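Chemist: Sharing a structure with you now.
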Amino acid sequence: MPEFDFVSGSDCTKLFRRAYENRYTWDEKFRGYSGACLYQKGSSVHEGKFLISNDFKPQVIDIKDEAIEKLISSQLWEVAIHRVRRDFKSIHSENTFTSGDVNDIGLEVLVGGKNQGDKYRIKDDVVTMVHRHIHGSLINIFTQKIKDTGSGYLSSSYTSQYFDPVSRKPKSKKLLYKDDFALLDNQCQWVLKSRLIEKVDSEGLESEFEKFIFSDLTSINR
């Protein structure tokens, strides 16, 4: 039996909002946290320390290679910024959401208004596909697995790839992410424990792997 039982072209704002608000986000009690970090690619291994402040900005220290330091910092920033709680109306007040087709990935949500041309898919109160125009590029994200925290879901396995918005040709390799999470100091704050990224070329023939490990995770009590 299909999950969605209404006519294509109808308003689906309520359904999309429910999936949007089902994402796991940090609450106002978030004070930041710190720990050790490790980056591995092939035989190359770099170890250091990191801190994410209560304004969600990461700092990485004790990594001698500046490029690796920035790489670790960018992963921490990406995770942190997506955990910030933002009210649905403040983000989407100028958008409309109309139902499209339904497939195994979920209900197609067509965006109109300010972000016209963007699309999503939703299923079981989860955003399973993102199709957005960002900074002159088109990004496609497909969620394959999630972790239910009891306070919203976290994507634990997903793909991401950039395309040219006109030609729709790939501008980047497809990235396959596998994330694992840990509870922080029994405070019901879920943080990233490890991230494995597989980069696959456009032919799907060559792959390379990067691994990020975050350990000794401790909240900042101030």
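Chemist: Take ASN221 and decide whether it is part of a loop (DSSP other than H, G, I, E, B), surrounded by 15 or more Cβ atoms within 10 Å (Cβ to Cβ) and over 16 Å from the mean Cα position of the chain (by Cα).
Modeler: Against the criterion (part of a loop (DSSP other than H, G, I, E, B), surrounded by 15 or more Cβ atoms within 10 Å (Cβ to Cβ) and over 16 Å from the mean Cα position of the chain (by Cα)), ASN221 does not qualify.
Chemist: Checking MET129 against (1) within 17 Å of LEU175 (Cα to Cα); (2) outside any strand (DSSP E or B), which single condition isn't satisfied?
Modeler: With respect to (1) within 17 Å of LEU175 (Cα to Cα); (2) outside any strand (DSSP E or B), MET129 is out only on (2).
Chemist: Please state which of the following conditions GLU78 fails to meet, knowing it meets all the rest: (1) surrounded by 14 or more Cβ atoms within 10 Å (Cβ to Cβ); (2) under 14 Å from LEU192 (Cβ atoms).
Modeler: For GLU78, the exception is condition (1).
Chemist: Continuing with the same structure: I'd like to know if segment 72-94 contains one or more residues that are free of Cβ contacts under 8 Å to residues at least 24 places away in the same chain and among the aromatic types (Phe, Trp, Tyr).
Modeler: Yes: one or more hits.
Chemist: Moving to a separate point now. Pick from segment 176-218 the residues that are of a type in the set (A, V, I, L, M, F, W, C), modelled with pLDDT under 95 and surrounded by fewer than 17 Cβ atoms within 10 Å (Cβ to Cβ): which of them is nearest to ARG31 (Cα to Cα)?
Modeler: CYS188
The values are calculated or read from the model by the stated rules, or taken from the named source; none is laboratory data. Note that the coordinates shown come from a computational prediction; the quantities given were computed from them, not determined experimentally. Glycine gets a Cβ as well: all are built from the backbone with ideal geometry, and neighbour counts include every protein chain shown.
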